[in-house]
Amino acid sequence: MKVIVMGAGVTGVTAAWYLSKAGHEVTVLERNAGAARETSFGNGGQISVSHAEPWANPSAPFKMLKWLGKEDAPLLFRMRADPAQWLWGLHFLRECQASRSTHNMIQLVNLGTYSRQCLQSLRAETAIEYCHLTRGIIHYYTDPKELELALEPARIMREFGCDRQVISPEEVVRLEPAFAQSVKRLAGATYTSADESGDVHLFTTRLAALCEQRGVKFRYGVRIQRLHTAGARMTGVEIADENGAYTIASADAYVLSLGSFSRGIAATAGLSLQIYPVKGYSVTLPVLDPSRAPTASLTDDEFKLVFSRFGDRLRVAGTAEFNGYGMDLNTTRCEAIAQRTLDIFPGMSEPGLAQYWTGLRPATPSNVPYVGSSGVKGLYLNTGHGTLGWTHGCGSGQAIANIMDGRDPGCDFAFATAA
Ligand SMILES: Cc1cc2nc3c(=O)[nH]c(=O)nc-3n(C[C@H](O)[C@H](O)[C@H](O)COP(=O)(O)OP(=O)(O)OC[C@H]3O[C@@H](n4cnc5c(N)ncnc54)[C@H](O)[C@@H]3O)c2cc1C
């Protein structure tokens, strides 16, 4: 089968890899000059299967109201004259019901567990190197009340098969000696030894190179304008490149992996995807004193930050702004991330050496991505991965390839059947 994959972020490239492995002739279309130049460039690096609580949960509406208008809130909703944002918000409220939230958490854990297995197999098969570490994730708390509130989600995650243990500050230091200077500030932590970390940009670009070795064609500098359909069947994709605008109609199947931009392109085929961009920031610091910088991946509960060590760099990411597609870099927010990092790990680096980045998470109201059929014949969805696209990348790519071949997807998950 001739397959066109739209988008060369982590979800598009993993789909291309598994489709090529299944024997298909794959072409990837991407507007940038290379793979992983947008959201899959500078994320937090966590493969966090065991931290799958969706944003939409029963306490979220109250917290969001409390945070409304607060510039330093971890989750900032800026109301815009944008019907797409309001509609997304209404869907989000529906997903906050306890029963929906539990259902969504199960989907995220199942897909995450499957995805980690796929990533590990891919690593064993290809020896791909992307600064990965398998030292688990420590989710640390500085506020005893917040630690208390975390006990129940940790218990639920254990019920779903994730080994999320509650540990003392002393155990935190034993696992991660870089906390030695800050141990007095810790109330405790949860620890999941099976979780991993790694640089998504390195992974995606190197996997794209491995795809090319298998014969996958990457067409960079190509802007997808719209999808063409006839009678609920895909007939082609209209693109623009240096030769002008024209339609490619030669493929048998198409995979939509355009991140936050999937909604607009899907709408041209009459599909209504609930995907809204949620902006986040990351800060990358060179490690000047390795004894003071963590190697285990971390989550800072108070500041809602995640930390991952990539060789001689430390990546710290966080914050969530619902504010449209704007990509302006709020340096005050980035400086606050760098400041918090050096506050917890003094002397590991210098604030002046920090590199700042911003990206748009392609978020669905439930946090559950669209993976599966679209309802338009020949068009498949692998998008809307929100906060967990790196965690779910390999599993989604393998599952969509299985689905397109009529095989069992390989994972117990609410796959899309129509959008
Ligand atoms: C601050 C931050 C921290 C994060 N931390 C983590 C983490 O620790 N763990 C985790 O699992 N996830 C994390 N994520 C989420 C993860 O990064 C995303 O879910 C993932 O990168 C999304 O990948 P994607 O392929 O769907 O989208 P993208 O990487 O955005 O890829 C989409 C591609 O489509 C292309 N494209 C779009 N429109 C067009 C068009 N019209 N024509 C041609 N090409 C087009 C884009 O150029 C882009 O290359 C984080 C995200 C952010 C922002």
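Points to keep in mind about this one:
- The alpha-carbon of Lys2 sits under 17 angstrom from the alpha-carbons of these lysines, leaving out residues fewer than 8 places away in its chain: Lys21, Lys217, Lys377.
- Relative compactness, segment 185-243, computed as alpha-carbon Rg over 2.2 N^0.38 Å: 2.01
- Between Ser168 and Ala418, the C-beta separation translates, for a Förster distance of 41 Å, into a calculated FRET efficiency of about 0.25.
- Seen from Asp72, the other residues with C-beta closer than 12 Å to its C-beta sum to a net charge of 0, counting Lys and Arg as +1 and Asp and Glu as -1.
- Using the Stokes-Einstein relation with a Kirkwood hydrodynamic radius computed over Cα pairs, the translational diffusion coefficient of segment 73-199 at 10 °C and a viscosity of 1.306 mPa s comes to 90 µm²/s.
- Binned Cα-Cα distance frequencies in segment 318-361 - 5 Å width, integer %: 5, 20, 29, 19, 13, 9, 4, 0
- Computed log10 I(q)/I(0) for segment 129-172 at 0.24, 0.29 Å⁻¹: -0.93, -1.12, from the Debye equation with unit scatterers placed on every C-alpha and solvent omitted.
- Order of Met1, Met64 under a 10 Å beta carbon neighbour criterion, fewest first: Met1, Met64
- Shape box of segment 1-98 [Cα atoms, principal axes, largest first, Å]: 51, 32, 25
- More than 28 Å apart - percent of Cα-Cα pairs taken over segment 129-282: 51
- Helix 200-213 axis, angle to the chain major axis (alpha carbon atoms, nearest 10°): 30
- Cα long-axis angle, helix 144-159 against the chain (0 to 90 degrees, to the nearest 10): 50
- Applying 1/(1 + (r/R0)^6) with R0 = 41 Å to the Cβ-Cβ distance of Val183 and Thr126 gives a FRET efficiency near 0.55.
- Binned Cα-Cα distance frequencies in segment 196-275 - 10 Å width, integer %: 15, 39, 34, 11, 1
- Cα gyration tensor, segment 370-417 - rounded (a/c under 1.5), prolate or oblate: oblate
- Over segment 266-310, the hull volume per residue, using the convex hull of the C-alpha atoms, is 137 Å³.
- Paramagnetic reach from Ser272 in segment 405-419 [backbone N under 12 Å; point 7 Å along Cα→Cβ]: 419
- Spin-label zone in segment 334-348 - amide nitrogen under 14 Å from a point set 7 Å from the Cα of Leu288 along the C-beta vector: 339, 342-343, 345-348
- Helix-only arithmetic for the chain: the sum of -39500 (n - 2.57) across DSSP H runs with n ≥ 4, divided by the residue total, places the mean residue ellipticity at 222 nm at -10500 deg cm²/dmol.
- Along the axis of the charge dipole computed for the chain (Cβ charges of +1 for Lys and Arg, -1 for Asp and Glu, origin at the Cα centre), the listed residues Phe62, Thr358, Ala8 are led at the positive end by Ala8.
- Counting 0.36 nm for each residue step from Thr142 to Asp408 and taking away their Cα separation leaves a gain of 91.3 nm.
- Relative intensity, log₁₀ I(q)/I(0), of segment 301-419 from a Debye sum that treats every alpha carbon as a point, q = 0.16, 0.23 Å⁻¹: -0.86, -1.28
- Cα-centre dipole for segment 1-78 with unit charges at Cβ (Lys and Arg positive, Asp and Glu negative), debye to 20: 120
- When only alpha carbons of segment 40-79 are considered, Rg and Dmax amount to 13.0, 32 Å.
- For the chain, size of Cβ-based charge dipole, Lys and Arg +1, Asp and Glu -1, in debye: 720
- Panel order for Glu242, Glu95, by other beta carbons found within 10 Å of each beta carbon, from fewest to most: Glu242, Glu95.
- The chain: antiparallel DSSP beta bridges as a percent of all, rounded to 5: 65
- Lysines whose Cα lies under 23 Å from that of Lys184, excluding same-chain neighbours fewer than 8 positions away: Lys145, Lys304
- The mean sequence separation of alpha-carbon pairs under 8 Å and at least six residues apart, normalised by the residue count of the chain, gives a relative contact order of 26 percent.
- Anchor Lys70: aspartates and glutamates whose Cα lies under 16 Å away (excluding residues fewer than 8 positions away in-chain): Glu302, Glu321
- Sorted fewest first by neighbouring Cβ atoms within 10 angstrom, Phe160, Phe77 come out as Phe160, Phe77.
- Estimated from the Cβ-Cβ distance and a Förster radius of 51 angstrom, the FRET efficiency linking Arg94 and Glu242 is about 0.70.
- Fraction of alpha-carbon pairs over 28 Å apart in the chain - percent: 46
- On Cα atoms only, tilt of 83-95 relative to the major axis of the chain in degrees: 60
- Computed over segment 233-378, the quotient of the alpha carbon radius of gyration and 2.2 N^0.38 Å is 1.38.
- Net charge over other residues, Cβ less than 14 angstrom from the Cβ of Ile106 (K, R count +1; D, E count -1): -2
- On a per residue basis, the convex hull of the C-alpha atoms belonging to segment 290-356 measures out at 99 Å³.
The numbers here are math on the coordinates, done by the rules we state, and not lab data. As the structure is a prediction and not an experimental result, all values here were calculated from the model. When we count neighbours, we look across all protein chains shown, and the Cβ atoms used for this are built from the backbone with ideal geometry, even at glycine.
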